[in-house]
1. Is one or more of the residues making up the stretch 255-263 crowded, with 16+ Cβ neighbours inside 10 Å, of a type in the set (A, V, I, L, M, F, W, C), assigned to a strand (DSSP E or B) and in contact with a Pro (Cβ under 9 Å, 6 or more places away or on another chain)?
2. Can you find, within the stretch 206-221, the residue that is farthest from the ligand (Cβ to nearest atom) among those that are open to solvent by 30 Å² or more (accessible area, probe 1.4 Å) and not in a helix (DSSP H, G or I)?
3. Provide a single number: the residues in the stretch 227-252 that are over 12 Å from the mean Cα position of the chain (by Cα) and open to solvent by less than 10 Å² (accessible area, probe 1.4 Å).
4. Of Arg143, Arg129, which residue is open to solvent by 90 Å² or more (accessible area, probe 1.4 Å) and farther than 23 Å from Ile88 by Cα?
5. When the residues of the stretch 178-193 are filtered to those that are assigned to a strand (DSSP E or B) and within 15 Å of the ligand (Cβ to nearest atom), which remaining residue is surrounded by the fewest Cβ atoms within 10 Å (Cβ to Cβ)?
6. Mind checking which residues of the stretch 23-62 are surrounded by 14 or more Cβ atoms within 10 Å (Cβ to Cβ) and either touching a His at 6+ places or on another chain (Cβ under 7 Å) or acidic (Asp, Glu) (or both)?
7. Kindly indicate the residue of the stretch 152-172 that is open to solvent by less than 60 Å² (accessible area, probe 1.4 Å) and under 28 Å from Ala54 (Cβ atoms) and also nearest to the ligand (Cβ to nearest atom) among those meeting that condition.
8. Find all pairs meeting these conditions: Cβ atoms under 7 angstrom apart; at least six residues apart or on different chains; first residue within the stretch 232-261 and away from the ligand (no atom under 16 Å from the Cβ) and of a type outside the set (Asp, Glu); second residue part of a strand (DSSP E or B) and open to solvent by 50 Å² or more (accessible area, probe 1.4 Å).
Amino acid sequence: MPRLAYVNGAYVPHDKGAVHIEDRGFQFADGVYEVITVEQGRLVDEEGHLTRLARSLAELEMDWPMTARSLRIVMRELIRRNRVRDGIVYLQITRGSAPRDFAYPAGVTPTIVMTARRMNLHPPERTERGVSVITIPDIRWKRRDIKSVALLPQAMGKQKARTAGAFEAWQVDDDGFITEGCSSNAWIVTKDGVLVTRPASNLILNGITRQSLLRIAGELGLSYEERPFTTEEAYEAKEAFISSATTYAMPVTQINDRVVGNGRPGDLVTRLRAAYRSYATGVPRHAA
Ligand code: PMP
């Protein structure tokens with residue numbers, strides 16, 4: 001079965017999908033994207049992702065290439081045609097293609113590309129053992145709240161992580177506080193059992209998984225604080241974890257050369273991961 005992509009109104013073989021050389025996504029990274037997880041055929045946190053997409057587009061004064069309603073239909077059709085039960089849908093919208101000029105061109109049609117692929121969402125070597133992260137300076141721009149395709153600093157960071165044998169790189173601001181991972185939000189659990197994650201601002205991407213986890217934490221009666229934390233505080237934490245559409249809540253058991261807590265996934269992240277998965281799949285949680 002050939003893999004299919006959706007490009008500007010047509011379902012095309014994945015390896016034939018193409019956009020113009022003067023597309024502003026290619027020329028200026030003038031585009032936004034979303035990644036939505038599919039688990040058991042369901043689009044996880046679809047509303048949240050489409051709400052953030054609307055916000056990213058509005059911040060950049062970019063038009064929708066189609067109505068949100070049509071977009072939902074295409075996502076489902078792409079999942080169906082690619083037979084994805086567990087995996088992701090990737091969607092990218094750019095301002096469109098126009099003669100190269102920095103300022104926004106008038107009257108261009110936005111470009112839309114969507115792909116879908118299968119993915120193992122629960123690799124036991126990560127969920128059961130936890131992952132390691134390194135810390136790196138945050139060298140990005142100041143509109144990290146926009147989910148833009150300008151991801152070069154994150155690509156550089158992930159490469160550093162890979163070279164170090166780590167799963168993710170936590171970016172650290174000039175005052176020593178962790179902003180977020182290269183493709184995830186950062187969390188710790190203090191010795192007193194309080195969940196801590198940085199508040200939403202222009203300095204981080206407000207993860208949809210982050211928002212859902214905060215809501216679930218509230219429902220479970222867990223105490224949490226939205227405040228910045230330093231690398232040193234993370235070293236001393238009882239637990240650490242990351243969150244994103246594809247990782248849900250993923251335990252972090254090592255930060256640089258320091259073991260977190262007892263070196264095994266903590267109780268809180270394990271509970272949160274299970275609760276988020278129940279929410280994602282629509283399977284009710286059993287009373288603990
Ligand atoms: N921060 C950054 C920089 C990211 O790239 C991502 C994932 N795209 C996240 C946080 C997590 O966001 P979400 O939970 O919406 O996947």
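1. no
2. That would be Gly221.
3. Selection size over the stretch 227-252: 8.
4. When all the criteria are applied, what remains is Arg129.
5. Thr179
6. Listed by number, the residues that qualify are Asp23, Asp30, Glu34, Ile36, Glu39, Asp45, Glu46, Glu59.
7. Restricting to residues being open to solvent by less than 60 Å² (accessible area, probe 1.4 Å) and under 28 Å from Ala54 (Cβ atoms), the top hit is Gln154.
8. Tyr235/Arg258; Thr253/Val259; Val260/Gln254
The values are calculated or read from the model by the stated rules, or taken from the named source; none is laboratory data. This structure is a prediction, so every number in the text was calculated from the model and none was measured. Cβ sites come from the backbone with ideal geometry, for glycine too, and all protein chains shown count toward neighbours. Calculation scope for accessible area: heavy atoms of the full protein, side chains included, ligands and nucleic acids excluded. Shrake-Rupley method; radii C 1.70, N 1.55, O 1.52, S 1.80 Å.
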